[in-house]
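Below: one structure, written as structure tokens.
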There are 4 protein chains.
Amino acid sequence: MKAAFLKKAGLLSLEEVARPVCPEDMVLVNVKEIGVCGSDLHYFNEGRIGDHIVTSPHILGHEAAGIVVEVGKRTRGFSIGDRVSIEPGVPCMACEHCREGHYNLCADVHFTGAPPYQGMFCELHVHDPRFVYRIPDSVSFTQAALAEPLSVAHNAVRRAGLVPGETALIIGAGPIGFSCIEMARVAGASRVIVSEPVAFRRDVALKVGANHALDPAAGSLPDFVRELTDGRMCDCVFEASGSDLGIADALRCVRRGGRVVYIGMGKEMVGIPHSDILKREITISGIYRYVNDFRPVIDLLSAGKLDAEIWVSHRFPLDRICEAIAVANDPAAKALKVMVTT
Amino acid sequence: MKAAFLKKAGLLSLEEVARPVCPEDMVLVNVKEIGVCGSDLHYFNEGRIGDHIVTSPHILGHEAAGIVVEVGKRTRGFSIGDRVSIEPGVPCMACEHCREGHYNLCADVHFTGAPPYQGMFCELHVHDPRFVYRIPDSVSFTQAALAEPLSVAHNAVRRAGLVPGETALIIGAGPIGFSCIEMARVAGASRVIVSEPVAFRRDVALKVGANHALDPAAGSLPDFVRELTDGRMCDCVFEASGSDLGIADALRCVRRGGRVVYIGMGKEMVGIPHSDILKREITISGIYRYVNDFRPVIDLLSAGKLDAEIWVSHRFPLDRICEAIAVANDPAAKALKVMVTT
Amino acid sequence: MKAAFLKKAGLLSLEEVARPVCPEDMVLVNVKEIGVCGSDLHYFNEGRIGDHIVTSPHILGHEAAGIVVEVGKRTRGFSIGDRVSIEPGVPCMACEHCREGHYNLCADVHFTGAPPYQGMFCELHVHDPRFVYRIPDSVSFTQAALAEPLSVAHNAVRRAGLVPGETALIIGAGPIGFSCIEMARVAGASRVIVSEPVAFRRDVALKVGANHALDPAAGSLPDFVRELTDGRMCDCVFEASGSDLGIADALRCVRRGGRVVYIGMGKEMVGIPHSDILKREITISGIYRYVNDFRPVIDLLSAGKLDAEIWVSHRFPLDRICEAIAVANDPAAKALKVMVTT
Amino acid sequence: MKAAFLKKAGLLSLEEVARPVCPEDMVLVNVKEIGVCGSDLHYFNEGRIGDHIVTSPHILGHEAAGIVVEVGKRTRGFSIGDRVSIEPGVPCMACEHCREGHYNLCADVHFTGAPPYQGMFCELHVHDPRFVYRIPDSVSFTQAALAEPLSVAHNAVRRAGLVPGETALIIGAGPIGFSCIEMARVAGASRVIVSEPVAFRRDVALKVGANHALDPAAGSLPDFVRELTDGRMCDCVFEASGSDLGIADALRCVRRGGRVVYIGMGKEMVGIPHSDILKREITISGIYRYVNDFRPVIDLLSAGKLDAEIWVSHRFPLDRICEAIAVANDPAAKALKVMVTT
């Protein structure tokens, strides 16, 4: 099969390798679409993310969907030909986090695409069937691959405890921000406000379903939000930019007693208006990936309640993955989500 | 002004009475539309509900919207001409339930329309402005009056903790059931199943947004649900029928670890499959009216996310209120929600 | 080793069998103490509980503690000689309940002592190390075995969300009721009331830490509670009797907005005052065993915050297990918790 | 009556003023004991806290208990001679925060002792009876006055959702830290760790009930905690120092999926290790005073479950209030909590 190997930072090479063997308790999936994520770019550009270092030829890619082409003989619940979405992290299911239902916090997770675990910018991938989800024909491979960022947003909206009729602010209009717009709308937010400094992203945010798209560079975001909400501010704020200003402004834009959800990874140390947390009894939740979120996301895609396609800007075949990476890397290309197809 | 007085069980009389005086900390509202609720029928038919007994001429009606025609001189936030929805219960705001944010559990609530507190089947009504909500022009008086049953459903969905992508079962397709269908859909249920023995009500339920409408008289509801959900059963069950079978089946149709919400008032003693609560660790929440639900409901109506008009079947002017009550009382009339207009 | 086999209802036979082999991912435990549970008596008396039927010679017993005598070569975290408490249920860790952190709801749980899974009225037992907990020397084997019922109570108090300073009512003073008294006290209940018709059990309840012990046969429990609480009733009610009256009275003794936890298994159908659930917005939680509760219970035992020994009434060596069962079965014996030692 | 007036920063003057008149819906309390709080010192030293500025002679003091000496004629539930604890903040009970049960977030709260509302360093004080709590003879006036900081801790432990058997870390051993130690112990923490740089405060922390008292100046607090907890870190961290290091270390000392509660007010902008919030899915709650916490705290004091007296270091009569303030202000005096008595 063909697979795209990162040899070292900046060097990606498409190679032919042996077809993987499907162990008896696994499924083998013919990958059809894979999204390019910011972390893929980070590995490509830097050769590492924190302690995860690319030391040998490494396949990136963890947002994927495909077709089951082989079913291990002890695997139940799958047939050849099943169209599926893949949850990339496979936890140990033995530690106390796994037993408590927070398997995303498992220290021994095998996360597809994060070294040393090979990813899915390739044609065939072996996966644990507990973390593979069948999709109906009405859900596209694109949507099924983007169940990954949508699951991050599902985790965020779930942790926020968003109740129908509340006002949501989403800071940052990238794929996670778009996912949060969709999910806040689905959860019944009566108003979704977006903050994003890049004009064309604000336009997309409105198409995705935001009611207002604000430019934080044009003034004070808290003041803009105060005006839009008659001084009431927002019930829930989803920080998806990871910027210093976004992280601080999130705390300034939330209502007394409201909830802030931090999703975007920022710098190691960030300054925050700490006394706001106290005076207004803010609840803050940090989000790390997703946990038990794929199934409801796929049910929402199946019910036609989520779109995702609208924020896909580019598609490249696997043969042209270097181009896909270059476009995703280049601000001038105005890429939103770039998909790779096999 | 004109007002409809219940003289005794079965005898309603429209009379001309003095215009109410607006105290300085109140607002006076010209009532435009009022819904006929099951409890109004109960008072009309029996002259009482439990300890609430009609002993002197009594005005019923507690689902109302109208226009502010006088603003007490110490009242802030309202102007003459404001279109408004009225939350009928005015609690003491001093007891521990009120202080804990559960003012619906206040033992000293003044509930509009429940004896001895006069209701709103009349032209003018004085109300506490803390429980009056301005509505935009895009929200009809019908919708604003039906914010009352919709708030019951908002309370129910909020207490259930319904998360986007979950499956909801609603037992009973009357106005509260319809409200629950709308609210479960708004909260992101990927699938809404309804159980209702009356055929034309099942048809309306589908129009309101249910995905499936089952007839519990045609077999075993738990079996029907098991088949529809591939054995998984429902994450949340909303019991809005108050029937013995509905109350018991609610516990049989919910998923392990799922939530049952009891809304429909049934008989004093009801038999339930108690061991199901244990074996499947069901969480059950009882719902009594609403608390802090009117504002989000009106925001959802303003955002066009709720409809309510679709389950209004009849409209009568206040002059013909006896006809309105008769229609609402007569199963052959196939009434859903009957509105009275002034 | 010696093991006590239930041959058929009423017939228990102590036999010598081969020493179990310890698989490489397991631990072999020399069982030191085992509690006799109501379900053991049920199996002994009836030969079955629901669908769990004793068809071949069966070892009962699931409340146990002991010493590790062999460690599988792939097992980590244990050494020979470790004193341990055993959580009897071993779930699949693959189904959605397991992944959601509710492994007690797993349909494929291997529950030690429930047919077809052999129990621990024997000298040696092989167990999955993920569900074995080391205990310090300060915790007795009795306490470590009774971590099982204490974990049920921990689950109950956790689900109730008991907050320091609240009033708790515990219905039924058997081992689960005693466990709930201890746990409610540990969780900061400012007042623990017990309802129990048997006088000597009420006496023990007071020794275990209850502030009041009421006799429900002497009058109306709700009236007694109303008087004790100045009409406020209880914040949390723990039903551990499984009796029809207890199940109904639980709903009558709880405060508006309060929480009822059902722990005691009763008859298939039970009559409840349903309208109380609505009018007072009661939240009810069903409890099934325990989930992630053993570790905190053992930490509480280690910290000297729980006792358990106080409600142990009898101890018998394994050789005299028939006597142990007989005593536990005989109301005249005034047994509380009967322990079997090896 | 005598009252201590702050004339300007640093100048306190004891004066004789007219006895207050008791309005018909109020109670008049003869104040017996009042605690000196850090905020009192702040007003004394700076003449202001933020927007709250002392512009005219002002009585400080908001931690108080006393005896009812007059009952307004419309006031119910109190008699002359009642011993009482006073909750200092009286909210509007009309805004949406009050209606939602978060009256501590009310923008129109009348907070006793915060300008322009006169405080309780005086002999007689008029208070709203909804925020006055009767205490039994077994609770001392000192304890009843310190129900105020204990209520802050109750709010913190409640928001943290501390479950019996968890490990708690408390950063900062002042009166709020001591209150948190007591409350975490009462809520069933199996282990309470304290971090405090001042040696004599660490000694008191151990007496109050902490299991370990660490010096954060002696090394890395996260490392100390890691060692004490076998790498597991703490389930709940209560930050009561307001220091930059404490605020940041709180996030480093909490377990994956754990909860951090911020109580201590720090600088306007504080640097935090933001990515920890995400990677470990930390939940952070800000605490502002208390809400519905006084009653359970008084019930806990009545039950003998809280002490508070142990961390009172000095007592002065009202005549010597300048001395009381001086001692509380002077680190060399080693004051913990200073009480003023009338």
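The values are calculated or read from the model by the stated rules, or taken from the named source; none is laboratory data. Just so it is clear, the model here is predicted, and its values are computed rather than measured. Cβ placement follows ideal geometry from the backbone for every residue including glycine, while neighbour counts extend to all protein chains displayed. Keep in mind that these areas ignore ligands, DNA and RNA; they rest on the heavy atoms of the full protein, side chains included. Shrake-Rupley method; radii C 1.70, N 1.55, O 1.52, S 1.80 Å.
Points to keep in mind about this one:
- Phi-based couplings in Hz for region B:52-61 (Karplus 6.51, -1.76, 1.60; Gly and Pro marked x): 8, 10, 7, 10, 10, x, 10, 8, 8, x
- Here the 3J(HN,Hα) profile of region D:22-33, calculated from phi with Karplus coefficients 6.51, -1.76 and 1.60 at θ = phi - 60°, is 8, x, 5, 10, 10, 10, 10, 10, 7, 5, 9, 9 Hz, Gly and Pro shown as x.
- Per residue accessible area in Å² of region C:193-342, where ligands, DNA and RNA are left out and the probe is 1.4 Å: 36
- Set of aspartates and glutamates with alpha-carbon distance to A:Lys7 below 20 Å, sequence-local pairs under 8 removed: A:Glu15, A:Glu16, A:Asp40, A:Glu46, A:Asp51, A:Glu123, A:Asp319, A:Glu323
- Shielded residues, region C:60-100 - accessible-area loss of 40 Å² or more between chain alone and all protein chains, probe 1.4 Å: C:Met93, C:Glu96, C:His97, C:Arg99, C:Glu100
- Between amide H atoms placed 1.01 Å from N, distances below 5 Å from D:Phe5 occur with D:Ser13, D:Leu14, D:Glu15, all of them 5 or more places distant or on a separate chain.
- Taking every residue in C:250-258 and counting other chain Cβ atoms within 10 Å of its Cβ, the average works out to 3.
- Exam field: C:Glu309 pseudo-label spacings to other copies (7 Å along Cα-Cβ), nanometres: 3.1, 7.1, 7.5
- Under the Karplus curve 6.51 cos²θ - 1.76 cosθ + 1.60, θ = phi - 60°, whole-Hz ³J(HN,Hα) for region C:70-78, x wherever Gly or Pro sits: 8, 10, x, 5, 9, 7, 10, x, 10
- Within 10 Å of each Cβ in C:164-172, the average number of Cβ atoms from other chains: 5
- The residues of region D:61-117 expose, per residue, 36 Å² of accessible area to a 1.4 Å probe.
- Whether region D:80-131 is rounded, prolate or oblate, judged on the alpha carbon gyration tensor where a/c under 1.5 counts as rounded: oblate
- Helix-only CD estimate at 222 nm, as mean residue ellipticity for chain C, using -39500 (n - 2.57) per DSSP H run (n ≥ 4): -7500 deg cm²/dmol
- Per the rotation superposing chains A and D, the chain A residue found at the smallest beta carbon distance from the axis is A:Ile284, 2, distance in Å.
- Separation of alpha-carbon centers, region C:102-163 and region B:250-294, rounded to whole Å: 29
- Rounded to 5, percent antiparallel among DSSP beta bridges of the protein assembly as shown: 60
- Cut-off 19 Å, label 7 Å out along Cα→Cβ of C:Glu16, residues of region C:121-148 by amide N: C:122-125
- The Cα center of region C:19-38 and the Cα center of region B:176-195 differ in position by 50 Å.
- Among beta bridges that DSSP assigns inside chain C, antiparallel share in %, nearest 5: 60
- Under 20 Å from A:Lys305, Cα to Cα: lysines that are on another chain or at least 8 residues apart: A:Lys207, A:Lys337, B:Lys207, B:Lys305
- Dividing the C-alpha radius of gyration of the protein assembly as shown by 2.2 N^0.38 Å, with N its residue count, gives 0.94.
- Amide N proximity, region A:175-201 versus A:Leu245 label position 7 Å along Cα-to-Cβ, cut-off under 13 Å: A:195-199
- Spin-label pair C:Asp25-D:Lys73: with each label point 7 Å from Cα along the Cα-Cβ axis, the two points sit 8.1 nm from one another.
- The mean number of partner chain beta-carbon atoms within 10 angstrom of a residue's beta-carbon across peptide D:291-299 is 5.
- A:Ala217 paired with D:Ser313, simple spin-label distance in nm, labels 7 Å along Cα-to-beta-carbon: 5.4
- Gyration tensor verdict on region A:259-342 (Cα atoms; rounded if a/c is under 1.5, prolate if a/b is larger than b/c, oblate otherwise): oblate
- Comparing C:Ile170, C:Ile287, C:Ile181 in a Gaussian network model of chain C, where Cα atoms under 10 Å apart are tied by springs, the biggest mean-square fluctuation is seen for C:Ile287.
- Close amide H pairs (under 5 Å, H built 1.01 Å from N) link D:Ala213 with D:Val194, residues at least 5 positions away or on another chain.
- Placing a pseudo-label 7 Å from each Cα along the Cα-to-Cβ vector at D:Val198 and A:Glu227 gives an inter-label distance of 4.8 nm.
- Overall form of region C:198-241 per C-alpha gyration tensor (a/c, 1.5; a/b vs b/c): prolate
- Solvent-accessible area buried by C and D, counting both chains, probe 1.4 angstrom, square angstrom: 1400
- Of D:Pro273, D:Pro149, D:Pro88, the one that fluctuates the most in a GNM where chain D has Cα springs shorter than 10 Å: D:Pro273
- Distant-in-sequence amide H partners of D:Val340 (H built 1.01 Å from N, under 5 Å): D:Ile34, D:Gly35, D:Val36, D:Phe316
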